[in-house]
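**Student:** To start, I am sharing the structure in question, which I have written as structure tokens.
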Amino acid sequence: MLMLYDLPISSYGCKIRILLRHKALPWTSIAPPDGYGSPAYCELVPSGTIPALNHDGFILAESEAIAEYINELVPDPVMLPENIQDRATARALSRLHDTRIEPLLRAYFSQISPEHRDIGFIRENAALLENRLTQLAKIVSPAPFMTGNELSLADCGFVSSFAILHCVQALLGFELAMPQTLRNYERALCAHPSVRDEHAAYIRVLDDWAGAKLRG
Ligand SMILES: N[C@@H](CCC(=O)N[C@@H](CS)C(=O)NCC(=O)O)C(=O)O
């Protein structure tokens, strides 16, 4: 039985939920007791982060490790390319997303409440983000997905990130030039049958979350 410590708003949780949907695996999501980082949750998952997997008592944190574990546990449909170099590239793209792109989006969370906004920070962060997206567009040629015509591990993290980008951009009104290849990629990604419903659900959760922050 696969159990996920997770919350609907978790972007890294969204990555794993897409993978689970694509593998057609049933799972149960449980909120971390007393919230992530709490002493009660750290008793179960010492790092205190979500998502974390509990597979028949085997506990694993870190979304990318969870994704690789599930991909090996249930190899069909395969979610990494067959060629060793393409596989390494897929992993590099996941790292680039998780360590360089997602943190820049997350940085905007502190800016949602109008009283905490810093226009200089919002613009500087947008420039950093645009630079990373431009770099990404030089590295990949989605066809239509990151590693070819099948959804792979390298795609799953981008779903929530695109949703967060549009949410914070609508709220904070900053300019950002998204490379056309990434626009096309986003359209194909979010229309994929394993992604569509999770993407729609994630946008709803994000809107509710941002609405609550705006109301204070
Ligand atoms: N590198 C981790 C990041 C996960 C992460 O930062 N999750 C957030 C919630 S979306 C969290 O647990 N934050 C609490 C903390 O960092 O202590 C992963 O890929 O799973």
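The values are calculated or read from the model by the stated rules, or taken from the named source; none is laboratory data. Not measured: the values here are computed from a predicted model. Cβ coordinates were reconstructed from backbone atoms using ideal geometry, including for glycine residues, and neighbour counts include every protein chain displayed.
**Student:** So the check is Cβ under 9 Å with 6+ separation or different chains; which pairs have a first residue in the range 190-214 that's under 14 Å from L151 (Cα atoms) and a second one that's charged (D, E, K, R) and part of a helix (DSSP H, G or I)?
**Tutor:** C190/R196; H192/D155; P193/R21; S194/R21; V195/R21; V195/D155
**Student:** Right, here's the next one. Among the residues in the range 143-150, are any surrounded by 14 or more Cβ atoms within 10 Å (Cβ to Cβ), within 15 Å of the chain's Cα centre (by Cα) and of a type in the set (A, V, I, L, M)?
**Tutor:** yes
**Student:** OK, next. Suppose the filter is touching an Asp or Glu at 6+ places or on another chain (Cβ under 6 Å) and either surrounded by fewer than 21 Cβ atoms within 10 Å (Cβ to Cβ) or not aromatic (F, W, Y) (or both); does L136 pass it?
**Tutor:** no
**Student:** Hey, L133 hits all of (1) closer than 25 Å to L20 by Cα; (2) of a type in the set (A, V, I, L, M); (3) more than 16 Å from the ligand (Cβ to nearest atom); (4) within 19 Å of the chain's Cα centre (by Cα) but one; which does it fall short on?
**Tutor:** If we test L133 against (1) closer than 25 Å to L20 by Cα; (2) of a type in the set (A, V, I, L, M); (3) more than 16 Å from the ligand (Cβ to nearest atom); (4) within 19 Å of the chain's Cα centre (by Cα), just (1) comes out false.
**Student:** Can I ask one more? Please go through (1) within 10 Å of the ligand (Cβ to nearest atom); (2) crowded, with 17+ Cβ neighbours inside 10 Å; (3) assigned by TED's automatic domain parsing to the domain that holds L133 for I101 and return the number of the only condition it doesn't satisfy.
**Tutor:** The single condition I101 does not satisfy is (1).
**Student:** Closer than 30 Å to L171 by Cα and within 13 Å of the ligand (Cβ to nearest atom), is that true of G120?
**Tutor:** Criteria not met by G120.
**Student:** Another question, then. In the list L136, L176, L189, which residue meets the criterion of being assigned by TED's automatic domain parsing to the domain that holds L206, out of contact with any Ser or Thr (no Cβ under 6 Å at 6 or more places or on another chain) and farther than 29 Å from E72 by Cβ?
**Tutor:** Step by step, each of L136, L176, L189 is checked, and only L176 is assigned by TED's automatic domain parsing to the domain that holds L206, out of contact with any Ser or Thr (no Cβ under 6 Å at 6 or more places or on another chain) and farther than 29 Å from E72 by Cβ.
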